[in-house]
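Only one structure is covered here, and it is reproduced in the block below.
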Amino acid sequence: MNEDTLRFLPVSLHIGIEEIDAQHAELFGHLVRLKRLCLNINRLPANEADALIARLRKHFATEAHYAAEAGLDFAAHTIRHQTMLEQVSKALKGASAANADVFGVLRYVEYWFERHIAHEDQELADKLALRPTSHSFTEAPPATS
Ligand SMILES: [Fe+2]
Ligand SMILES: [Fe+2]
(Lines give C-alpha, C1' and ligand atoms only; values in the text may rest on other atoms or scores of the structure.)
(Ligands and ions follow the chains in the order given, each with its own letter.)
Protein backbone atom coordinates (compact mmCIF):
# COMPACT_ATOMS: atom_id res chain seq x y z
CA MET A 1 0.00 0.00 0.00
CA ASN A 2 1.15 3.50 -0.74
CA GLU A 3 2.42 4.93 2.59
CA ASP A 4 1.47 8.43 1.55
CA THR A 5 -2.16 7.42 1.03
CA LEU A 6 -2.26 5.10 4.05
CA ARG A 7 -1.60 7.99 6.46
CA PHE A 8 -5.16 9.22 5.83
CA LEU A 9 -6.63 6.08 7.42
CA PRO A 10 -6.60 6.03 11.26
CA VAL A 11 -4.83 2.92 12.55
CA SER A 12 -7.93 1.98 14.57
CA LEU A 13 -9.77 1.57 11.24
CA HIS A 14 -7.31 -0.87 9.64
CA ILE A 15 -9.15 -4.15 9.15
CA GLY A 16 -6.18 -6.19 7.94
CA ILE A 17 -7.14 -6.82 4.31
CA GLU A 18 -4.61 -4.92 2.27
CA GLU A 19 -6.74 -4.09 -0.77
CA ILE A 20 -9.71 -2.98 1.34
CA ASP A 21 -7.53 -0.94 3.73
CA ALA A 22 -5.93 0.73 0.70
CA GLN A 23 -9.33 1.66 -0.72
CA HIS A 24 -10.49 2.99 2.67
CA ALA A 25 -7.33 5.10 2.85
CA GLU A 26 -8.03 6.42 -0.66
CA LEU A 27 -11.58 7.35 0.37
CA PHE A 28 -10.29 9.29 3.37
CA GLY A 29 -7.58 10.87 1.22
CA HIS A 30 -10.27 11.90 -1.25
CA LEU A 31 -12.20 13.60 1.57
CA VAL A 32 -9.06 15.50 2.65
CA ARG A 33 -8.59 16.70 -0.93
CA LEU A 34 -12.23 17.84 -1.06
CA LYS A 35 -11.82 19.76 2.22
CA ARG A 36 -8.80 21.59 0.78
CA LEU A 37 -10.71 22.35 -2.39
CA CYS A 38 -13.71 23.65 -0.45
CA LEU A 39 -11.48 25.94 1.62
CA ASN A 40 -10.85 27.83 -1.59
CA ILE A 41 -14.33 27.95 -3.11
CA ASN A 42 -16.63 27.19 -0.12
CA ARG A 43 -18.82 24.77 -2.05
CA LEU A 44 -18.41 21.30 -3.49
CA PRO A 45 -18.35 21.07 -7.30
CA ALA A 46 -20.86 18.45 -8.54
CA ASN A 47 -18.19 16.59 -10.53
CA GLU A 48 -16.11 16.16 -7.35
CA ALA A 49 -19.12 14.73 -5.52
CA ASP A 50 -19.71 12.33 -8.42
CA ALA A 51 -16.08 11.20 -8.33
CA LEU A 52 -16.32 10.36 -4.62
CA ILE A 53 -19.55 8.40 -5.18
CA ALA A 54 -17.93 6.50 -8.07
CA ARG A 55 -14.97 5.60 -5.82
CA LEU A 56 -17.37 4.45 -3.13
CA ARG A 57 -19.33 2.24 -5.59
CA LYS A 58 -16.10 0.65 -6.81
CA HIS A 59 -15.04 0.00 -3.24
CA PHE A 60 -18.36 -1.65 -2.38
CA ALA A 61 -17.96 -3.91 -5.42
CA THR A 62 -14.53 -4.95 -4.11
CA GLU A 63 -15.97 -5.92 -0.73
CA ALA A 64 -18.82 -7.83 -2.42
CA HIS A 65 -16.22 -9.69 -4.48
CA TYR A 66 -14.27 -10.74 -1.37
CA ALA A 67 -17.48 -11.95 0.28
CA ALA A 68 -18.58 -13.87 -2.82
CA GLU A 69 -15.17 -15.52 -3.18
CA ALA A 70 -15.42 -16.74 0.40
CA GLY A 71 -19.06 -17.83 0.00
CA LEU A 72 -20.28 -15.40 2.70
CA ASP A 73 -23.84 -14.12 2.98
CA PHE A 74 -23.37 -10.45 2.12
CA ALA A 75 -27.05 -9.39 1.95
CA ALA A 76 -27.19 -7.32 5.15
CA HIS A 77 -23.87 -5.64 4.38
CA THR A 78 -25.12 -4.80 0.86
CA ILE A 79 -28.18 -3.10 2.33
CA ARG A 80 -25.87 -0.98 4.52
CA HIS A 81 -23.88 -0.03 1.41
CA GLN A 82 -27.06 0.99 -0.43
CA THR A 83 -28.24 3.10 2.52
CA MET A 84 -24.81 4.74 2.76
CA LEU A 85 -24.77 5.52 -0.98
CA GLU A 86 -28.23 7.12 -0.71
CA GLN A 87 -27.37 9.17 2.40
CA VAL A 88 -23.94 10.26 1.21
CA SER A 89 -25.25 11.14 -2.29
CA LYS A 90 -28.04 13.22 -0.76
CA ALA A 91 -25.63 15.02 1.59
CA LEU A 92 -23.11 15.73 -1.18
CA LYS A 93 -25.84 17.08 -3.43
CA GLY A 94 -26.68 19.57 -0.68
CA ALA A 95 -23.03 20.58 -0.46
CA SER A 96 -23.02 21.62 -4.11
CA ALA A 97 -25.54 24.37 -3.43
CA ALA A 98 -24.55 27.95 -2.72
CA ASN A 99 -24.29 28.81 1.01
CA ALA A 100 -24.10 25.13 1.94
CA ASP A 101 -22.43 24.00 5.16
CA VAL A 102 -19.90 22.14 3.05
CA PHE A 103 -17.56 21.21 5.91
CA GLY A 104 -20.49 19.93 7.96
CA VAL A 105 -21.42 17.70 5.02
CA LEU A 106 -17.87 16.39 4.65
CA ARG A 107 -17.72 15.64 8.39
CA TYR A 108 -21.01 13.77 8.06
CA VAL A 109 -19.62 11.69 5.16
CA GLU A 110 -16.46 10.97 7.16
CA TYR A 111 -18.60 9.83 10.08
CA TRP A 112 -20.48 7.40 7.78
CA PHE A 113 -17.17 5.99 6.54
CA GLU A 114 -15.76 5.55 10.05
CA ARG A 115 -18.87 3.96 11.50
CA HIS A 116 -19.29 1.53 8.60
CA ILE A 117 -15.63 0.44 8.61
CA ALA A 118 -15.60 -0.04 12.40
CA HIS A 119 -18.72 -2.20 12.32
CA GLU A 120 -19.71 -3.90 9.05
CA ASP A 121 -16.28 -3.94 7.39
CA GLN A 122 -14.52 -5.18 10.52
CA GLU A 123 -17.15 -7.92 10.77
CA LEU A 124 -16.47 -8.85 7.14
CA ALA A 125 -12.72 -9.02 7.84
CA ASP A 126 -13.33 -11.22 10.90
CA LYS A 127 -15.44 -13.62 8.83
CA LEU A 128 -12.89 -13.70 6.01
CA ALA A 129 -10.15 -14.49 8.50
CA LEU A 130 -12.03 -17.64 9.51
CA ARG A 131 -12.35 -18.88 5.90
CA PRO A 132 -9.61 -20.58 3.94
CA THR A 133 -8.89 -18.58 0.79
CA SER A 134 -8.69 -20.11 -2.67
CA HIS A 135 -5.01 -19.09 -2.54
CA SER A 136 -4.40 -21.22 0.55
CA PHE A 137 -6.09 -24.17 -1.16
CA THR A 138 -3.70 -23.95 -4.10
CA GLU A 139 -0.77 -23.67 -1.70
CA ALA A 140 -1.77 -26.77 0.27
CA PRO A 141 0.57 -29.72 -0.22
CA PRO A 142 -0.86 -32.72 -2.08
CA ALA A 143 -2.36 -35.42 0.11
CA THR A 144 -0.12 -38.43 0.65
CA SER A 145 -1.44 -41.97 0.85
FE1 LIG B 1 -15.47 -0.51 3.23
FE1 LIG C 1 -18.60 -2.27 3.58
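List of remarks:
- Looking across region 118-134, the residues that are farther than 12 Å from residue 66 by Cβ and at pLDDT below 95 come down to 130, 132.
- Within region 95-130, the set of residues being of a type in the set (A, V, I, L, M) and away from ligand 2 (no atom under 16 Å from the Cβ) comprises 95, 97, 98, 100, 102, 105, 106, 130.
- When the test is whether a residue is within 19 Å of residue 115 (Cβ to Cβ), more than 13 Å from ligand 2 (Cβ to nearest atom) and not aliphatic (A, V, I, L, M), residue 14 passes it.
- At least 1 residues being without any contact (Cβ under 8 Å) to a residue 40 or more places away in the chain, of a type in the set (A, V, I, L, M, F, W, C) and more than 16 Å from ligand 1 (Cβ to nearest atom) is the threshold, and among the helices (runs of 4 or more DSSP H) wholly inside region 63-131 those reaching it are 75-95, 122-130.
- Selection of region 47-63 for residues being surrounded by 13 or more Cβ atoms within 10 Å (Cβ to Cβ) and not charged (D, E, K, R) yields 49, 51, 52, 53, 56, 59, 60, 62.
- Pairs with Cβ under 8 Å, 6+ apart, first in region 39-62 and among the hydroxyl-bearing types (Ser, Thr, Tyr), second within 16 Å of ligand 2 (Cβ to nearest atom): 62/19; 62/20; 62/23
The values are calculated or read from the model by the stated rules, or taken from the named source; none is laboratory data. This structure is a prediction, so every number in the text was calculated from the model and none was measured. Every residue, glycine as well, gets a Cβ built from its backbone with ideal geometry; the counts of neighbours run over all protein chains shown.
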